[in-house]
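Here the structure is laid out as structure tokens; the discussion comes afterwards.
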Amino acid sequence: MLLGQALRVGRHELRNRVVSPPMERNYGTTDGRVTDRYVAYLRARAAGGAALVFTEATYVRADGRGRVRQLGAHGDHVIDGMRVLADAVHAEGALLGVELNHAGRVGDPAVCGFQPVAPSPVPFRGRRPRELATAEIGELVDAFAAAARRCADAGVDVLEIHAAHGYLIHQFLSPRTNRRADRYGDPALFLTEVLRSVRRSAPRATVFLRLSAFEGVPDGLDADATLAVTARLPGELVDALDISAGCYEAGEWMVPPGEIDRGVLAPYAARFRQFGKPVGVAGRITTGDTAEAILRSGAADLVAVGRAQHADPRWTATTLAGAHPRPCIGCNQGCIDSLHTQQPIWCVANPGTGREHLAAAPPVPSRRVLVVGAGVAGLEAARSAALAGHAVSLWEAEPMIGGAFRLAAALASKPEFARLLDWYAAELVRLRVDLRLSTRADATTVARLAPDIVVAAAGATGVRPPIPGADHPRVRDLDDWLRHPSTGERVIVWGADRAGLAVADAAATAGYRTTVISAGAELAPEAGPREKALMVRRLTGDPHVEIRLGTTLEAVEEHRLLLGHGGGRQWTEMPGTVVVCQGGTPRHLDIGTGPWQVVDVREWPHPVRWPQP
């Protein structure tokens, strides 16, 4: 397997071709230091087999910080913690990399406390950055050099210069953000000076250069223009090219959602072969087959496996052993969109991600555990209980595992969701969990099993507000419609939360005339921009979709709806199926009382009061 072969890059040898790339995590301190949580997270990916483990976009100066708890290399106070991190990664046989960065115009004054600076005063999200004076640019070059020296002093092996994703260096490269009339109007000059300064400050480090193959916006760098400016850089200062894509205005290319093809950037990476350097590539590399195919095609020498290693820290070792790691489902919820809340990232597919620093629970006597409900929460509870050595039964009323998650997995916008269910199914077999489908839990059946612990994971019931006509036959619950879609020409989605958005997108994609009615002012406000970007774009660009925000549904009749808006109400002719997407309430588990302890799955396993032997 080519994926497992060693590769020498610069001064260092990588034990295989898998890189854990720089993902921002918000696991640091507010002054940019490494924490125990950060060390444990990276140590787990190194122990899991990755050859090179990166920190994240690490700011070189205080005004270049983009997240509240982002790592920094901006002062000597970070060196000791970074040295601890390097030692931990090295102890697991991997190399440590740090990606040096400055946010530039995409920085937020509310986060860093400084006015954003940029090559030119091109606004970003309504904020106009301050244009850097010529002399100030030299000071930024020095900041990159000083940061490189600190990393080298801490024992970092690889330094990556972040010239992608619309950050400061990329802003100098792009004509849409660099409109300077002085010598730094040359798009290659600032990056050239940064490369030279980093080489001088850290001569023993291996240097990667991260580039966006294209920006993904009409007035930005396309693939040809990016190659042209790359050709003007001093190649002798770069040991490897790390190819990504996109910018903040085209975030779907920075972290492609699950509906984007796997390995989507490989053809673009292949074009950078002309520079004679080892090439790495990112972009939806979630399976070993995809990674191996990219390497064997010659498109790249290294694969950047980010979110998949976030979902399973042992992705590399498991893949190289020919087995199947816990899959990334490409949802972008916990790992990407949570960054916008300035909170530490997490993972929908793996509740253990980000908790690697916590002490393992003490062993407890083996007990008989019954998990009721085989949605993803119940599946994880059953798996964790079995791993802890308990005798586990898992009951599901439906004839298949997955619950509402299985319904979501059938949507075209969620093509990776089913992989997680397949993985759980294999885990249940491996761990010998007693799975009983089409089995309802009641007082009699639970008493017959006589468990010690019952974990309630029975899911939720959809809420149907009590408006006139709510029980009309044309009004259907979300789950019911997903199982048995309408036969008519029109679908009215009542609600625009995450589920409502997905249903509206599915209905419109299937060819229904679609109307979305929501009292809120935004589509899926609880969903982050990366999760919902493509769905929102499709819906707002579809002439057969009508979106009515700030609108309440107050009554339903056979062919018309009573809608409230702006303080008034009006009957509107609107035939078609009304799909209710108004959230849900936890389903009550009616199993009577007994000697067993009942635990809500959301509290499992920590609050369990284990009986003494």
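For Asp422, the conditions (1) modelled with pLDDT of 95 or more; (2) buried (at least 20 other Cβ atoms within 10 Å of the Cβ) all hold with the exception of (2). Mind checking whether some residue in segment 384-406 is in contact with a helix residue (DSSP H, G or I) (Cβ under 9 Å, 6 or more places away or on another chain), under 30 Å from Glu252 (Cα atoms) and of a type in the set (S, T, N, Q)? The answer is no, given that none of the residues of segment 384-406 is in contact with a helix residue (DSSP H, G or I) (Cβ under 9 Å, 6 or more places away or on another chain), under 30 Å from Glu252 (Cα atoms) and of a type in the set (S, T, N, Q).
Picking from residues in segment 288-302 that are without any contact (Cβ under 8 Å) to a residue 40 or more places away in the chain and surrounded by fewer than 24 Cβ atoms within 10 Å (Cβ to Cβ), the one that is farthest from Val238 (Cα to Cα) is Asp289. In the set (1) touching a residue at least 12 places away in the same chain (Cβ under 8 Å); (2) closer than 24 Å to Leu132 by Cα, the condition left unmet by Val156 is number (2). Only residues that are under 19 Å from Ala240 (Cα atoms) and touching a residue at least 60 places away in the same chain (Cβ under 8 Å) were counted in segment 1-48, giving 18. In this structure, is Pro466 without any contact (Cβ under 8 Å) to a residue 12 or more places away in the chain, more than 24 Å from Leu589 (Cα to Cα) and either open to solvent by 60 Å² or more (accessible area, probe 1.4 Å) or of a type in the set (Lys, Arg) (or both)? The answer is no for Pro466. Scanning segment 342-393 for residues that are of a type in the set (Val, Ile, Thr) and touching a residue at least 24 places away in the same chain (Cβ under 8 Å) yields Ile345, Thr353, Val364, Val369, Val371, Val372, Val376, Val392.
Residue-wise test of (1) in a loop (DSSP other than H, G, I, E, B); (2) in contact (Cβ under 8 Å) with a residue 60 or more places away in the chain; (3) open to solvent by 60 Å² or more (accessible area, probe 1.4 Å); (4) of a type in the set (D, E, K, R).
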| position | (1), (2), (3), (4) |
| --- | --- |
| Leu428 | no, no, no, no |
| Val455 | no, yes, no, no |
| Asp479 | no, yes, no, yes |
| Thr487 | yes, no, yes, no |
| Val491 | no, yes, no, no |
| Leu501 | no, no, no, no |
| Ala506 | no, yes, no, no |
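From (1) under 25 Å from Gly462 (Cβ atoms); (2) over 26 Å from the mean Cα position of the chain (by Cα); (3) of a type in the set (Phe, Trp, Tyr), pick out the condition that doesn't hold for Trp596. So Trp596 meets the others, but not (1). Counting only helices (runs of 4 or more DSSP H) wholly contained in segment 82-188, no element carries 2 or more residues that are open to solvent by 20 Å² or more (accessible area, probe 1.4 Å) and in contact with a Leu (Cβ under 6 Å, 6 or more places away or on another chain). If Ile345 satisfies all but one of (1) among the β-branched types (Val, Ile, Thr); (2) in a loop (DSSP other than H, G, I, E, B); (3) open to solvent by less than 40 Å² (accessible area, probe 1.4 Å); (4) closer than 24 Å to Ala458 by Cα, what's the number of the condition it fails? Status for Ile345: all satisfied but (4). Counting only helices (runs of 4 or more DSSP H) that sit wholly inside segment 201-294, those with at least 1 residues that are modelled with pLDDT of 95 or more and over 29 Å from His310 (Cα atoms) are 223-230. Within segment 387-410, the set of residues being open to solvent by 50 Å² or more (accessible area, probe 1.4 Å) and not hydrophobic (A, V, I, L, M, F, W, C) comprises Glu398, Pro399, Arg406. Within the option set Arg464, Arg432, Arg440, Arg436, being within 21 Å of Ala519 (Cβ to Cβ), charged (D, E, K, R) and more than 28 Å from the chain's Cα centre (by Cα) holds for one residue only, Arg464. The single condition among (1) out of contact with any strand residue (DSSP E or B) (no Cβ under 9 Å at 6 or more places or on another chain); (2) at pLDDT 95 or above; (3) closer than 20 Å to Leu411 by Cβ that Val579 does not meet is (1).
Inside segment 257-285, residues that are under 19 Å from the mean Cα position of the chain (by Cα) and surrounded by 24 or more Cβ atoms within 10 Å (Cβ to Cβ) make up a count of 7. Residues that are surrounded by fewer than 17 Cβ atoms within 10 Å (Cβ to Cβ) and either modelled with pLDDT of 95 or more or part of a loop (DSSP other than H, G, I, E, B) (or both): does segment 369-386 have at least one? Within segment 369-386, not a single residue is surrounded by fewer than 17 Cβ atoms within 10 Å (Cβ to Cβ) and either modelled with pLDDT of 95 or more or part of a loop (DSSP other than H, G, I, E, B) (or both). When Gln597, Gln570 are checked against the criterion of being open to solvent by 20 Å² or more (accessible area, probe 1.4 Å), within 23 Å of Arg474 (Cα to Cα) and not hydrophobic (A, V, I, L, M, F, W, C), Gln570 stands alone in meeting it.
Among the residues making up segment 171-184, those that are in contact with a Ser or Thr (Cβ under 9 Å, 6 or more places away or on another chain) and under 16 Å from Leu140 (Cβ atoms) are Gln171, Leu173, Thr177, Asn178, Arg180, Asp182, Arg183, Tyr184.
For Phe144, indicate whether it is farther than 16 Å from Gly72 by Cβ and out of contact with any His (no Cβ under 6 Å at 6 or more places or on another chain). No: the conditions fail for Phe144.
Report the residue count in segment 508-535 for those that are closer than 23 Å to Leu407 by Cβ and either open to solvent by 40 Å² or more (accessible area, probe 1.4 Å) or over 31 Å from the mean Cα position of the chain (by Cα) (or both). Qualifying residue count for the region: 6.
Among the residues of segment 303-317, are any open to solvent by 20 Å² or more (accessible area, probe 1.4 Å), over 27 Å from Ala502 (Cα atoms), over 23 Å from the mean Cα position of the chain (by Cα) and not β-branched (Val, Ile, Thr)? Taking every residue of segment 303-317 in turn, none turns out to be open to solvent by 20 Å² or more (accessible area, probe 1.4 Å), over 27 Å from Ala502 (Cα atoms), over 23 Å from the mean Cα position of the chain (by Cα) and not β-branched (Val, Ile, Thr).
The values are calculated or read from the model by the stated rules, or taken from the named source; none is laboratory data. The shown structure was predicted, so the numbers you read here are calculated from the model rather than taken from an experiment. Cβ: placed from backbone, ideal geometry, glycine included. Neighbour counts: every protein chain shown. Areas reflect the complete protein model, heavy atoms only, side chains present, ligands, DNA and RNA absent. Shrake-Rupley method; radii C 1.70, N 1.55, O 1.52, S 1.80 Å.
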